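One structure is given here, and the rest of the page talks about it.
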Amino acid sequence: MKRLNPYLGMPRQQYWSDFQKKLNNTEMPKSLWNSKFSITSNSKIVSFGSCFAQHISNFLKQGGYNWLCTEDLPQRVPDELAKSFGYRVFSCRTGNIYTPKMLNQWTSWSIKETEVTLPTIQKGKTFLDPIRPTIESEGFKSPDEMKELRDFSFNCFYNAIHQADVFVFTLGLTESWRSKITKEEYSICPLAIGLDVISEEIEFYNHNIESTCLELHQAIDKINLINPNINIILTVSPVPLIATQTDKHVLMATMESKMILREACSRTMANFKNVDYFPSYEIVTNPYDNFDYFEKDRRHVKSEGVARVMNQFMTAIEPYRKSEPDSPESTEIETADEILQSEEVCDEELLVAFDNTGKENA
């Protein structure tokens, strides 16, 4: 019996020619991403992760979505001032969470499964939190003050998960710095910003696919324990590494890191029914689009790139929002200027900001 060609009669989205036609018409195909679950105007959404995750936060806040913030200052405090102290950047004051290991740590700390063992970092007469060193621009007055406010943030992180309908997490890095003894990760390499730590007690560690998946799966297990009804959207930051501690060229290190994070997302989707993946990375970095979404430094994403990503997200979930009579009418984002009103709060930028004496590089 003659077999039929299995490549004939498939949905149009599965053919490259159809994809290219859409790109030639300056539009990203709507079928690129279809959300596994409904997100309505009433859905409580929290967001955490790397620097790029802040664009998602800004978009959700200004796009009429119910972005949940569990740790904030009074509304009369201007956004610029609030963000300088780590408020309104993510759903609580976590600072950047770059790796799945760091996400796993935060979930563990929030349920009081473990405690932070990394030593407090002293800088002059003030003290910095090793897991979020930029959260207070001038530092804390004492280790006790730092711990008290950090414990409060742990409770806020727990509440964010417990109250949320949707948890959005942007994966940014595989490279990390950690304690040699406990394997607990720092937010960034403390030595890179001229802080007084004992270098013999820390080590560089670059996660492979196995450790990335392990940490991500453990984190999601704990998130589901806190809130069995939560849905999770994973995405990968399109922003390249600012520097690599491996002996590879930074381009090769970037591609390897992003491939590991992307594969970890696919494996996690296969293991958890409540996990979806949104293609931020693919939308910005794919070489087949007619637009260049990177700034001249080839690292930061242009406002048009952010707009394209967010329009794709909005297009996929709009059918759910429109089904609600009280849902505000949406308008496509022509430019992302309105969601890029403030500079990114990005710890990774500090890796190359200081020389070996602790002075800022020119």
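What follows draws every value from the coordinates through simple rules; no lab data is involved. Values in this document were obtained by computation on a predicted structure and should not be read as measured data. Ideal geometry is used to build each Cβ from the backbone, glycine not excepted, and the neighbour counts take in all protein chains shown.
Just a few scattered comments:
- The gain in end-to-end length when the Leu251 to Phe291 segment is fully stretched comes to 12.3 nm, 0.36 nm per residue minus the alpha carbon separation.
- Less than 5 angstrom separates the built amide H of Leu68 from those of Ile45, Val46, all sequence-distant by 5 or more or on a different chain.
- Beta bridge orientation in the range 110-258: antiparallel %, DSSP, nearest 5: 60
- Structure note, pairs Lys125/Lys183; Lys123/Lys147; Lys83/Lys112; Lys248/Lys296; Lys183/Lys222: Cα-Cα distances above 25 angstrom occur for Lys125/Lys183; Lys83/Lys112.
- Total charge dipole magnitude, the range 58-159, about the Cα centre, Cβ charges on Lys, Arg, Asp, Glu only, Debye to nearest 20: 200
- ³J(HN,Hα), Karplus 6.51/-1.76/1.60, whole Hz, each residue of the range 223-235, x for Gly, Pro: 4, 5, 5, 5, 9, x, 9, 6, 10, 10, 10, 9, 8
- Cα shape, the range 169-317, gyration tensor, a/c 1.5 rule: oblate
- A cut-off of 5 Å between modelled amide H atoms, ignoring neighbours fewer than 5 places along the same chain, links Asp276 with Ile232, Ile233, Leu234.
- Dipole in debye (nearest 20) - the range 182-282, about Cα centre, beta carbon charges: Lys, Arg +1; Asp, Glu -1: 500
- Looking at the range 250-297, the chymotrypsin sites (Phe, Trp or Tyr not before Pro) that sit in a DSSP loop and have at most 15 other Cβ atoms within 10 Å of their own Cβ are Tyr288, Phe291.
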